[in-house]
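The values are calculated or read from the model by the stated rules, or taken from the named source; none is laboratory data. Here the structure is a predicted model, which is why all the values come from computation and not from measurement. Cβ sites come from the backbone with ideal geometry, for glycine too, and all protein chains shown count toward neighbours.
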Amino acid sequence: MRIDIISAVPQLMDSFFQHSIMKRANDRGLLEVVTHDLHAYGINRYNQIDDYQFGGGAGMVMMIEPIDNCIADLKKQRNYDEVIYMSPDGELLNQKICNQLSLVENIIILCGHYKGVDERVREHLITREISIGDYVLSGGELGAAVLVDALGRLLPGVLNNESSALFDSFQDDLIAPPVYTRPAEYKGFKVPEILLSGNFPKIEEWRNQKSLERTKEKRPNLLK
Ligand code: SAH
């Protein structure tokens, strides 16, 4: 899978993609993330990418031309399944959307900044808009990083235990059961006996039970 991220401040994401699971995904050739600095497509000798909004009002708006040129440049090189704009009023990101998007080949993610992008970008250049929550960030970069992380870990071979993403919360509309590791007792705090029993069918049953209990308690909406 290849993901191209267009941003006015790509440096914000660099470190994130160079470590841990994102790095592993890249090293294994499973996920290629390429960031593009929109300033490289800026207009005039100032490489301008934003301007005042028509009609007046505070805040700069990202211009359509640099974004159009950047997307066009990328589209010359390969076909894209989706051109996503990170936006607080987009579809709220969830595991289902991540599962779906993890199956496609190439994605462009556009990060807004300032007041956001000229509306014509959204009308004509974008195929999908995604929000990471009902709050406003100062830029789309953290949102893009969230999306790429959530997608990347679903690609077969990225996580060491391939099946482990399947047992995470929200897959099957359930919250994951609690997990424990050594020591079996710490300051009198004990690990549930069943997990030390070696009785795997019983352990499986216990985990399913806990999953269900947790979902009822924490996210009853998932069970509907
Ligand atoms: N004026 C806009 C907010 C702009 S915030 C409004 O009121 O809707 C600047 C940029 O940050 C946006 O263009 C978007 O790319 C990004 N952003 C802000 N909040 C976000 C969220 N919850 N999810 C995804 N991207 C977000």
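The residue that is farthest from Ile97 (Cα to Cα), counting only those in region 158-191 that are surrounded by 10 or more Cβ atoms within 10 Å (Cβ to Cβ) and among the charged types (D, E, K, R), is Lys190. Just so you know, in region 12-30 the residues that are charged (D, E, K, R) and in contact (Cβ under 8 Å) with a residue 40 or more places away in the chain include one that is surrounded by the fewest Cβ atoms within 10 Å (Cβ to Cβ), and it is Arg28.
For region 77-120, a tally of residues being farther than 19 Å from Val33 by Cβ, more than 13 Å from the ligand (Cβ to nearest atom) and in contact with a helix residue (DSSP H, G or I) (Cβ under 7 Å, 6 or more places away or on another chain) returns 2.
Going residue by residue through region 195-209, is there one that turns out to be touching a helix residue (DSSP H, G or I) at 6+ places or on another chain (Cβ under 8 Å), more than 22 Å from Asn94 (Cβ to Cβ), outside the structural domain of Leu30 (by TED's automatic domain parsing) and charged (D, E, K, R)? Looking through region 195-209, at least one residue is touching a helix residue (DSSP H, G or I) at 6+ places or on another chain (Cβ under 8 Å), more than 22 Å from Asn94 (Cβ to Cβ), outside the structural domain of Leu30 (by TED's automatic domain parsing) and charged (D, E, K, R).
Do we have any residue at all in region 199-208 that's under 30 Å from Ala72 (Cα atoms) and touching a Leu at 6+ places or on another chain (Cβ under 8 Å)? Looking through region 199-208, none of the residues is under 30 Å from Ala72 (Cα atoms) and touching a Leu at 6+ places or on another chain (Cβ under 8 Å). Consider region 192-224 and keep the residues that are outside any helix (DSSP H, G or I) and more than 25 Å from the chain's Cα centre (by Cα). The one that is surrounded by the fewest Cβ atoms within 10 Å (Cβ to Cβ) is Lys224.
Residue-wise test of (1) in contact with a Phe, Trp or Tyr (Cβ under 9 Å, 6 or more places away or on another chain); (2) free of Cβ contacts under 8 Å to residues at least 60 places away in the same chain.
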site: Val33; (1), (2): yes, no
site: His36; (1), (2): no, yes
site: Gln53; (1), (2): no, no
site: Val61; (1), (2): yes, yes
site: Asp68; (1), (2): yes, yes
site: Lys76; (1), (2): no, yes
site: Pro88; (1), (2): yes, yes
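All of (1) polar (S, T, N, Q); (2) in contact (Cβ under 8 Å) with a residue 40 or more places away in the chain; (3) surrounded by fewer than 16 Cβ atoms within 10 Å (Cβ to Cβ) hold for Ser131 with one exception: (3). When region 121-167 is filtered for residues that are away from the ligand (no atom under 14 Å from the Cβ), under 19 Å from Cys70 (Cβ atoms) and assigned to a helix (DSSP H, G or I), the ones remaining, listed by number, are Glu123, His124. Of the residues Leu125, Leu147, which is under 17 Å from the mean Cα position of the chain (by Cα), in the same structural domain as Cys111 (by TED's automatic domain parsing) and closer than 21 Å to Ile3 by Cα? Unique residue meeting the criteria: Leu147.
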